[in-house]
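The values are calculated or read from the model by the stated rules, or taken from the named source; none is laboratory data. Quantities reported herein were computed from a predicted structural model and do not represent experimental measurements. Cβ sites come from the backbone with ideal geometry, for glycine too, and all protein chains shown count toward neighbours. In case anyone asks, the SASA skips ligands and DNA or RNA and just uses the protein heavy atoms, side chains included. Shrake-Rupley method; radii C 1.70, N 1.55, O 1.52, S 1.80 Å.
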Amino acid sequence: MSDLVSCTHQGDVAVITINNPPVNALSPGVPEGIRDGIAAAAADPAVRAIVVIGGGRTFIAGADIREFGKVVSGEKPRGSLLPLLLEIENCAKPVVMAIHGTAFGGGLEVAMAGHYRVIAPNAQVGQPEVKLGIIPGAAGTQRLPRLAGVAKAVEMCAFGEPIRAADAVASGIADRAIEGDLLAGAVAFAHEVAGKPAPKTRERNEKLAGADPAIFDRARQQAKKTRRGQTAPLAAIDAVEAATKLSFDEGCEREAGIFTGCLHSTQSRALIHAFFAERAVSKIPDVPADTAPIEIGRAAVIGAGTMGGGITMNYTNAGIPVIVKETTQEALDRGMAIIRKNYANSVKKGKLSQAAMDERLARITPQLTYDGFDQADIIAEAVFENMALKKTVFAEIDKIAKPGCILASNTSYLDIDEIASVTGRPELVVGHHYFSPANVMRLLEIVRGKATSKAVLATSMALAKRMSKVGVLAGNSRGFIGNRMLGPYLREAQFVVEEGASVEDVNAALYDFGMAMGPLAMGDLAGLDVGWRARKEFKHLEKPGVRQPLVADRLAEMGHFGQKTGRGWSLYDENRNQSPSPETAALIEQLAREAGIERRAVTHEEIVERCIYALVNEGAHLLGEGVALRASDIDVVYLNGYGFPAWRGGPMCYADSVGLKTVLARIEEFQAKHGPDLWAPAPLLRQLAERGQTFTEFDTEPRASASGRP
Ligand code: 3H9
């Protein structure tokens, strides 16, 4: 037996334990170990039943995802789990699977090959493969409908969401929930079933008969809507449908064919990249994993506007009591009313209980003074985006805050070192840049100033996790990672409009590429006054003679701020339904004509290339400058904060999939046509393209970190 799997005995029950931390993935050695354990127990006359259980915090969380890359590259042949699962199912002695933690993907497939499943009350089971761009590949699409019914199997395989133990029992996936000691309960269960005929899941066809064929069409419609652009959910539905039309063995064959197609797809490569990118992002090379975080027991927020209100919700959602301060009673009341309305909506939708809402509200103290700020472990500033104002606020709170209290600014563009300079504690000053709506968006940019301490960074990362967000470290560069890249992206969206594309073309081209919304629609949603104000603040930094977008500022000057005023790039009715704006179209033509810009037909392909390669090039600039630690961190920012399609893996992963040579060549064409300043290729992009390398390969090289290291 392998070291990863051990076998002990409790009387006449053999207990096979998987020990492959942290999540007992089915890495090489684990399936072999289980097979040997089952074979030994089957052959041992003293054994009457078998229990399979996970050591540590979980049952099996699935196949080892790292192995997929090796299979795709041809480094390794694809092994199949199916023979092992048949051996388990064919075992003459009952095999009881004891599930705690998570039985995901291949883990649930192993569990379903057992004759019985018992489950801890807080365990979860699921087939999340679609989130990696693949489908269950070890008969999950064939055994699950036999246990749980076709509708449940379609839902779990196509959408990938896990279900809880109670649901697993109710739907027939698990036979019994075990309170208390799971192993003891599983052994007792094994005694109950020892000597009885063991049911084989693959022979249980009763739930397949009479399945409503409309289930599949409904699921396909839903997948097209909620998983727009993704191929795996539709493939998973096809595979479950096969279970209703083919024998078990033929169904497995069909599933294997579909699985292989998905595994070799660009989407799967991108989604697996995104999975590991999100797990790498919290690791900061010069901040050791054991750096003690500062305990955050109480928080205070300055500003109850859109951002301050959302940030306040994040703290109380994480169980942290929070004071929120405003300057006028009216603003405070307005902010609290929005917070209450947000929670009430969640209660209405069944996402939150009334008791939880009351608890969360009770942790918030709204006030107009700094009372109690001296008790806070962290003070988050969310005032207007203006350096003078931020400095005044930081100078004030520095005097009130207790020693060791972290001062976090929600600035989205400003220099965090300049803000820190007015305090006597620059090591405790950090940027916590949330994305609107702050209580919903998962991204938190953690901006490192030159003095920010390692403990503050470790605390910020831990806090992000506590708030169910993904924290990304960014260097102190104007706009940090996300907004700095957004500048060239929005610039190109406006340039192509000036050159002849319609507003609708630009929005449609990027939406069809997979973005959550088009760039100009995004501007209208955020408010055209926001960028207008920011541009005024940074006007002095504009290089003379370099082309600037013409239209957005003019729209803002006319009071056309987008959705909030009903007019912007597009028109909006009272229900925010969008329609083309002839007035804006005429303004674009007029301004372009006055500037001598030649109008022409612009293809959707060019719109996408101009916008997305502008993102990529700026991403490569800031990666080369050390503003981002890794290309994959940039991807995490765009996937979680800017609606970039997960199945493209983020802008840098997308560039890898196109090929950096191709991307560079196109950027050079744009540079030749549109001027040297706007499209200067990032040195790092050129370097990697010339070496035939990818951003992913660049990420594996050890080097200096986001602004914290030389
Ligand atoms: C599959 O099963 C296909 C089948 O149909 C079979 C076909 C033949 N493999 O997330 P965490 C690592 S597809 C390799 O931070 P948590 C992870 O990278 C698979 N590594 O912990 C991290 O490493 P590091 C279907 C894995 O407690 C560490 O474990 N299964 C795997 O927040 C801790 O992870 C899935 O899609 C893996 N399968 O969450 C489940 N899983 O420390 C994917 C984790 O070096 N996993 N790692 O950064 C998860 O959803 C979460 O990890 C889980 C734990 C909920 C289990």
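For the reader, a short list of remarks on this structure follows.
- Here the range 57-70 is the region considered, the condition is being outside any strand (DSSP E or B), in contact with a helix residue (DSSP H, G or I) (Cβ under 7 Å, 6 or more places away or on another chain) and near the ligand (Cβ under 8 Å from one of its atoms), and the residue that is least open to solvent (accessible area, probe 1.4 Å) is 62.
- Scanning the range 420-441 for residues that are part of a helix (DSSP H, G or I) and crowded, with 24+ Cβ neighbours inside 10 Å turns up 420, 428.
- Of all residues making up the range 382-420, the number that are farther than 21 Å from residue 473 by Cα and of a type in the set (D, E, K, R): 6
- Only a single criterion out of (1) within 25 Å of residue 274 (Cβ to Cβ); (2) open to solvent by 20 Å² or more (accessible area, probe 1.4 Å); (3) part of a loop (DSSP other than H, G, I, E, B); (4) not small (Gly, Ala, Ser) is not satisfied by residue 644, namely (2).
- Looking at the range 497-612, the helices (runs of 4 or more DSSP H) lying wholly inside it that each contain 3 or more residues that are open to solvent by 60 Å² or more (accessible area, probe 1.4 Å) and of a type in the set (Asp, Glu) sit at 582-594.
- Odd one out for residue 79, checked against (1) open to solvent by 40 Å² or more (accessible area, probe 1.4 Å); (2) modelled with pLDDT of 95 or more; (3) within 11 Å of the ligand (Cβ to nearest atom); (4) touching an Asp or Glu at 6+ places or on another chain (Cβ under 9 Å): (2)
- Flag if residue 624 is touching a strand residue (DSSP E or B) at 6+ places or on another chain (Cβ under 9 Å) and either in contact (Cβ under 8 Å) with a residue 40 or more places away in the chain or open to solvent by less than 20 Å² (accessible area, probe 1.4 Å) (or both): no
Residue-wise test of (1) aliphatic (A, V, I, L, M); (2) more than 12 Å from the ligand (Cβ to nearest atom); (3) open to solvent by 30 Å² or more (accessible area, probe 1.4 Å).
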position	(1), (2), (3)
20	no, no, no
24	no, no, no
35	no, yes, yes
55	no, yes, no
72	yes, yes, yes
101	no, no, no
106	no, no, no
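- In the range 239-251, the condition of being open to solvent by less than 20 Å² (accessible area, probe 1.4 Å), under 23 Å from the mean Cα position of the chain (by Cα) and at pLDDT 95 or above is met by no residue.
- Applying a threshold of 8 Å to beta carbon distances and a minimum spacing of six or more residues, or different chains, the list of pairs starting in the range 77-100 at a residue that is more than 26 Å from residue 192 (Cβ to Cβ) and ending at one that is of a type in the set (D, E, K, R) reads 81/109.
- Conditions (1) within 25 Å of residue 91 (Cα to Cα); (2) within 16 Å of the ligand (Cβ to nearest atom): number failed by residue 153: (1)
- Of all residues making up the range 193-220, the number that are closer than 30 Å to residue 14 by Cα, in a helix (DSSP H, G or I) and open to solvent by 90 Å² or more (accessible area, probe 1.4 Å): 1
- Checking 69, 55 one by one, the residue that is at pLDDT below 95, at negative phi and small (Gly, Ala, Ser) is 69 and no other.
- Qualifying residues in the range 113-135 (those that are within 11 Å of the ligand (Cβ to nearest atom) and open to solvent by 10 Å² or more (accessible area, probe 1.4 Å)) - the one nearest to the chain's Cα centre (by Cα): 131
- Top-ranked residue of the range 82-94 - restricted to ones that are among the charged types (D, E, K, R) and open to solvent by 30 Å² or more (accessible area, probe 1.4 Å), ranked as nearest to the chain's Cα centre (by Cα): 87
- Meets criteria (at positive phi, surrounded by fewer than 24 Cβ atoms within 10 Å (Cβ to Cβ) and of a type in the set (Gly, Ala, Ser)) for residue 160: yes
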